[in-house]
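Visitor: Attaching a single structure in structure tokens format; questions to follow.
The values are calculated or read from the model by the stated rules, or taken from the named source; none is laboratory data. Because the structure is predicted, anything quoted here is derived from the model rather than measured. Surface accessibility is based on the protein's heavy atoms, side chains included, excluding ligands, DNA and RNA. Shrake-Rupley method; radii C 1.70, N 1.55, O 1.52, S 1.80 Å.
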Amino acid sequence: MKQGIHPENYRLVAFKDMSNEDVFITKSTVETKETITHEGVEYPVYKMEISRTSHPFYTGKSKLIDTAGRIDKFKTKYAKHAK
């Protein structure tokens with residue numbers, strides 16, 4: 001294993017799923033500017049759009065999130081190929 005290529009600044013970070021407000025704590029080197037208090041302890045927070053608690057693969061539920069009309073563009077573009 002190569003020496004000196006692994007980061008040294010691991011610390012506890014709160015990862016917050018913005019779609020369902022779920023928070024989980026793990027060690028990370030991610031850079032953050034905000035903090036959050038979780039169960040009485042203050043942690044740096046990293047905000048995510050999707051995580052294991054909201055991803056359809058893990059939840060078994062299909063959730064449609066349309067960002068900037070991408071689905072409509074796709075349907076319009078490929079409608080002529082539909083049989």
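Visitor: Taking the full set of protein chains and a 1.4 angstrom probe, give the accessible area of SER51 in square angstrom, rounded to the nearest 10.
Guide: 10 Å²
Visitor: Checking the a/c ratio against 1.5 first, then a/b against b/c, what shape does the Cα gyration tensor give for the stretch 1-57? Don't skip to the answer; put the middle values down first.
Guide: On the way: a/c = 2.66, a/b = 1.48, b/c = 1.80.
Oblate, because a/c is 1.5 or more while a/b does not exceed b/c.
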